[in-house]
Amino acid sequence: MVGDMRGEISGLSPRLISPHRHPRAMRTHYTAEINPSLDGETVRVCGWVHDIRNLGGIAFLLLRDREGIVQITLIKKEIGKEMFKEITSLPRESVICVEGRVQRSEQARMGVEILPASVKVLNRAKTPLPLGVADRVGAELDTRLDNRFIDLRKPEVLAVFRIRHSLLAGIRDALMREGFIEVHTPKIIATATEGGTNLFPVRYFERDAYLSQSPQLYKQILMAAGFDRVFEVAPAFRAEEHDTSRHLNEFISIDVEMSFTDEEGAMGVLERALVSGIERVLEERERELETLGVQPHLPELPFTRITYDECVDIASRKGVEVEWGEDLSAEALKAVGEEIPTYYFITRWPMECKPFYVLPFEDDPRYGRAFDLMFGDREITSGAQRNHIPDLLRETMVKKGLNPKNFEFYLRAFEYGMPPHAGWAIGLERITMIVAGLKNIREATLFPRDRNRLVP
RNA sequence: GCCCUGGUAGUGUAGCGGCCUAUCAUGCGGGCCUGUCGAGCCCGCGACCCGGGUUCAAAUCCCGGCCAGGGCGCCA
């Protein structure tokens, strides 16, 4: 772990202003920037006491910051008995600033060490720690989440969030390159967006309101407003009772909506955005990927497209029966995922198992212009060309058991010039999970909200 | 929400009716040690999820609760 943290500051933009140039900056360098070429120079580094190895007359203190770990070498004869005692008895995870001289060293693993002139203790950690950072024993996810502020100090945990950052940056860049405007729609809403999922009720002064499960209706309204191409990165809330390693009750949804195109146009944007995100991770996060021991697969464009009916065939050939019109079961998706162990689209879904806002095909209205983006047997996105024909939309809502009266604010937008449009939504934690090779979605979010967890 | 499995020091675990004054590791406290890099050695500290029950006797068996892990359903 320590060895993985050598080298330059990871993944900083070339336009970045050095964080140490600020006049009030306490440090002159991140630990990762201390290298043998600084031999003889005086530097100041700040961070956490990762570990101390006291050999009696000499001690080695490993100082950790966001970028890595550097060795502080304490020689009793040089710094004096008292200072030696004071520093070597600091509890792990205390926060200190060390000013000292850089020394090239064959014996130090990083090829360099710092001989301190002064050590300032900024915050002494209590003992024992609720969770070890440098410990050799593991900890269960639940214990880690209860003590997330310490858990996040672990380089391999931080790595997940730097990967997530780069992934989102790559996706956002691709969308901006293609002319999408970033928007923010309300998260406190009056009615259910799509029906089906449960919403969290909130008190909105003297009225009942809900937390938004999806920006779906609002981003469609923006198509009527002529925004043409929009995207939103925002939380979505689902009051589902599910409690699994793939579900959260609050997650970040990347939503896209675009006018004057069909579902194939939306799929094109999605596959380019996803490839851009993975490319960015590969460019900027080599070190973090190494820390986690994963190598994300960079898919080729365009992704494979197969229809729902083809999936049903593949499943039944493998002995998994699917009733036409039903959503594909976990078992059926497993059968299909075995055939295509990478990213691919499932297209041409039955209207029965898709939401009301999907546009049916003109030639066969039993099918809708919907698609799912899959990774093996895991669903990561769904999207569609939307139904922009108001009469047909009302009709479909009734068929789905929804009352159009509750959606007047939405339906009105279709009556005065609504262009054809399409879009999709992707769960940021879900793709982070795939790219970073995580087993539990909770690891892809800082402070997860699930069926049982509301704190921290 | 359903099915299965489990909850033992700060952390991760062993024990599964009396050999438990509860194992081991890590951690923490103290001591020794001038080149560690999973440092080493010596001494010490620290735990049976909660509530009922069965039994001469419960960490161990039974019931309820809470929490967790694995599967399924639903979904992004």
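The values are calculated or read from the model by the stated rules, or taken from the named source; none is laboratory data. Predicted model only: the values in this text are computed from it and were never measured. Neighbour counts are summed over all protein chains in view; Cβ atoms, including those assigned to glycine, are modelled from backbone coordinates with ideal geometry.
Tell me, please, whether a residue that is away from RNA strand B (no atom under 16 Å from the Cβ) and either surrounded by fewer than 16 Cβ atoms within 10 Å (Cβ to Cβ) or not in a loop (DSSP other than H, G, I, E, B) (or both) can be found in segment A:317-333. Let's see the steps before the verdict.
The first filter runs over segment A:317-333 and keeps only residues away from RNA strand B (no atom under 16 Å from the Cβ), leaving A:317.
With the extra rule that they be either surrounded by fewer than 16 Cβ atoms within 10 Å (Cβ to Cβ) or not in a loop (DSSP other than H, G, I, E, B) (or both), the set shrinks to A:317.
Checked against the condition, which is being away from RNA strand B (no atom under 16 Å from the Cβ) and either surrounded by fewer than 16 Cβ atoms within 10 Å (Cβ to Cβ) or not in a loop (DSSP other than H, G, I, E, B) (or both), segment A:317-333 yields at least one hit.
crowded, with 17+ Cβ neighbours inside 10 Å and touching an Asp or Glu at 6+ places or on another chain (Cβ under 6 Å): which single residue out of A:436, A:413, A:425 fits that description?
A:425
Based on this model, can you work out whether residue A:108 counts as farther than 19 Å from residue A:71 by Cα, at pLDDT below 90, among the hydrophobic types (A, V, I, L, M, F, W, C) and surrounded by 13 or more Cβ atoms within 10 Å (Cβ to Cβ)?
For residue A:108, the condition - farther than 19 Å from residue A:71 by Cα, at pLDDT below 90, among the hydrophobic types (A, V, I, L, M, F, W, C) and surrounded by 13 or more Cβ atoms within 10 Å (Cβ to Cβ) - is not met.
Take residue A:162 and decide whether it is within 23 Å of residue A:51 (Cβ to Cβ), crowded, with 17+ Cβ neighbours inside 10 Å, within 8 Å of RNA strand B (Cβ to nearest atom) and under 19 Å from the mean Cα position of the chain (by Cα).
No.
Pairs please, first residue from segment A:337-365 and over 28 Å from residue A:402 (Cα atoms), second anywhere and at pLDDT 90 or above and in a loop (DSSP other than H, G, I, E, B), Cβ atoms under 6 Å, 6+ apart in sequence or on different chains.
That search, which allows pairs on different chains as well, returns A:342/A:299; A:343/A:299; A:343/A:303; A:344/A:303; A:345/A:303.
Of a type in the set (A, V, I, L, M), away from RNA strand B (no atom under 16 Å from the Cβ) and in contact with a Lys or Arg (Cβ under 7 Å, 6 or more places away or on another chain): is that true of residue A:294 in this structure?
Judged against the criteria, residue A:294 is not a match.
Please tell me if residue A:223 is out of contact with any helix residue (DSSP H, G or I) (no Cβ under 9 Å at 6 or more places or on another chain) and among the aliphatic types (A, V, I, L, M).
On the way: out of contact with any helix residue (DSSP H, G or I) (no Cβ under 9 Å at 6 or more places or on another chain): no; among the aliphatic types (A, V, I, L, M): yes.
So residue A:223 fails the test.
Assess whether residue A:188 counts as being touching a residue at least 40 places away in the same chain (Cβ under 8 Å), in contact with a Phe, Trp or Tyr (Cβ under 9 Å, 6 or more places away or on another chain), of a type outside the set (Gly, Ala, Ser) and farther than 30 Å from residue A:298 by Cα.
no
From A:203, A:172, which residue is assigned to a strand (DSSP E or B) and away from RNA strand B (no atom under 16 Å from the Cβ)?
A:203
Of (1) surrounded by 14 or more Cβ atoms within 10 Å (Cβ to Cβ); (2) more than 16 Å from RNA strand B (Cβ to nearest atom), residue A:251 satisfies all except one. Which?
Evaluating residue A:251 over (1) surrounded by 14 or more Cβ atoms within 10 Å (Cβ to Cβ); (2) more than 16 Å from RNA strand B (Cβ to nearest atom) leaves (2) as the failure.
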